[in-house]
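A short worksheet on the structure shown next.
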Amino acid sequence: MALSQEQILQIFRDCGAVLHGHFRLSSGKHSDTYFEKFQVLQYPHYVQQLCGELAKRFRDDRLDVVVGPTTGGVIIAYEVARQLGTRAIYAEREGDKRVLRRGFTLREGEHVLVVDDILTTGGSVREVLQMLEPYRVQLVGVGILVDRTGGQVDLGVRTESLLQLVVEAWQPEECPLCLRGEPITEPGSRFLQAR
Ligand SMILES: [Zn+2]
């Protein structure tokens, strides 16, 4: 049975992955909400369930390889590939680009699915799509667990996300939390209280 968006959000909440506060996101914007995805990814049975939902969306497509960007995307790519019976390879950061290391390669014409955990600006996924271009593969689509832009990012390719949420984020000079003098947190850098 398919999980509803509400059930998926509940999994993130139950795991303590939805944090409230004042955060500087990797995009440089500020937000009052942050998804600490590793709170979910620490539970293999949730990963299996969520990736199973993504795998279902692409079950009828021919696929040879699932590609995910480090770090969270490694776990998603592995589990989606396991459930679809394909290879999984990982796109690692090198400066402002993504590269395949560890002897990973792609053959021309292979059918590729790109996956990631949280879509915030689409930056990491775009880096992976750029990395794929010279390999001349068949890009089947992109699969995302949580799209926190509410579907506003157009990657130029079929994109499936399990949960679309609009989470406000502001440029630092327009941030209402900064205006109120609330101390800011770099996610991942300290203990955060989940609500
Ligand atoms: Zn702020």
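The residue that is surrounded by the most Cβ atoms within 10 Å (Cβ to Cβ), counting only those in the range 74-83 that are of a type outside the set (Phe, Trp, Tyr) and out of contact with any helix residue (DSSP H, G or I) (no Cβ under 7 Å at 6 or more places or on another chain), is 77.
So is residue 105 among the β-branched types (Val, Ile, Thr), surrounded by fewer than 21 Cβ atoms within 10 Å (Cβ to Cβ) and more than 15 Å from residue 138 (Cα to Cα) or not? The answer is no for residue 105.
Taking helices (runs of 4 or more DSSP H) as the structural unit, those lying wholly within the range 1-64 and holding at least 3 residues that are farther than 29 Å from residue 105 by Cα correspond to 5-14. Can you find a residue in the range 84-97 that is out of contact with any Lys or Arg (no Cβ under 7 Å at 6 or more places or on another chain) and surrounded by 23 or more Cβ atoms within 10 Å (Cβ to Cβ)? No; the residues of the range 84-97 include none that is out of contact with any Lys or Arg (no Cβ under 7 Å at 6 or more places or on another chain) and surrounded by 23 or more Cβ atoms within 10 Å (Cβ to Cβ). Pairs linking a residue in the range 1-19 that is under 14 Å from residue 47 (Cα atoms) to a residue that is surrounded by 13 or more Cβ atoms within 10 Å (Cβ to Cβ) and among the charged types (D, E, K, R), with Cβ atoms under 6 Å and 6 or more positions apart or on different chains, are 3/53; 17/36. Taken together, 116, 147 contain a single residue that is in contact with a helix residue (DSSP H, G or I) (Cβ under 8 Å, 6 or more places away or on another chain) and under 23 Å from residue 24 (Cα atoms), which is 116.
Residue by residue, here is whether (1) in contact with a Phe, Trp or Tyr (Cβ under 6 Å, 6 or more places away or on another chain); (2) farther than 19 Å from residue 34 by Cα holds:
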| residue | (1), (2) |
| --- | --- |
| 107 | no, yes |
| 112 | no, yes |
| 118 | yes, no |
| 130 | no, yes |
| 142 | no, yes |
| 152 | no, no |
| 155 | no, yes |
| 158 | no, yes |
| 166 | no, no |
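Checked against the criterion of being crowded, with 18+ Cβ neighbours inside 10 Å and hydroxyl-bearing (Ser, Thr, Tyr), the candidates 26, 31 yield just one match: 31. You will find that of 68, 95, the residue that is small (Gly, Ala, Ser) and either in contact with a His (Cβ under 8 Å, 6 or more places away or on another chain) or at pLDDT 95 or above (or both) is 68 and no other.
What do you reckon, is residue 63 free of Cβ contacts under 8 Å to residues at least 40 places away in the same chain, among the hydrophobic types (A, V, I, L, M, F, W, C) and either buried (at least 16 other Cβ atoms within 10 Å of the Cβ) or in contact with a His (Cβ under 7 Å, 6 or more places away or on another chain) (or both)?
Details: free of Cβ contacts under 8 Å to residues at least 40 places away in the same chain: no; among the hydrophobic types (A, V, I, L, M, F, W, C): yes; either buried (at least 16 other Cβ atoms within 10 Å of the Cβ) or in contact with a His (Cβ under 7 Å, 6 or more places away or on another chain) (or both): yes.
Criteria not met by residue 63.
Among residues of the range 159-185 that are of a type in the set (Asp, Glu), those with a beta-carbon under 8 Å from a residue that is assigned to a strand (DSSP E or B) and within 10 Å of the ligand (Cβ to nearest atom) at least six positions away or on a different chain give the pairs 168/31; 168/32; 182/22.
The values are calculated or read from the model by the stated rules, or taken from the named source; none is laboratory data. Predicted, not measured: the structure shown is a model, and the values here were computed from it. Backbone-built Cβ (ideal geometry, glycine too); neighbour counts: all protein chains shown.
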